[in-house]
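Mind having a look at this structure? Questions to follow.
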Amino acid sequence: MIGLRKPVPLLLISILVPLGMWLVFYKFLSVNIPMGVLQFLRDLVDKF
């Protein structure tokens, strides 16, 4: 019933969807989200 799942699309979706949601909240809605060890992402996005 569940079927065979391919790991590559699942991995990409599980990484890209949360990053996209974070980008929308941080850049477009101006919500300050604590980053922890991912602080380099905020620094990278702030450069653009």
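For the stretch 21-32, what are the residues that are part of a helix (DSSP H, G or I) and surrounded by 10 or more Cβ atoms within 10 Å (Cβ to Cβ)?
21, 22, 23, 24, 25, 26, 27
Here is a yes/no grid of residues against (1) hydroxyl-bearing (Ser, Thr, Tyr); (2) part of a helix (DSSP H, G or I); (3) exposed (fewer than 11 other Cβ atoms within 10 Å of the Cβ); (4) free of Cβ contacts under 8 Å to residues at least 12 places away in the same chain:
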{"residue": "8", "(1), (2), (3), (4)": "no, yes, yes, yes"}
{"residue": "14", "(1), (2), (3), (4)": "yes, yes, yes, yes"}
{"residue": "34", "(1), (2), (3), (4)": "no, no, yes, yes"}
{"residue": "43", "(1), (2), (3), (4)": "no, yes, yes, yes"}
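Just so you know, all these numbers are worked out from the coordinates, no wet-lab data involved. Small disclaimer: the values here were computed from a predicted structure and weren't measured. With ideal geometry, Cβ positions are generated from the backbone for all residues, glycine too; neighbour counts draw on all protein chains shown.
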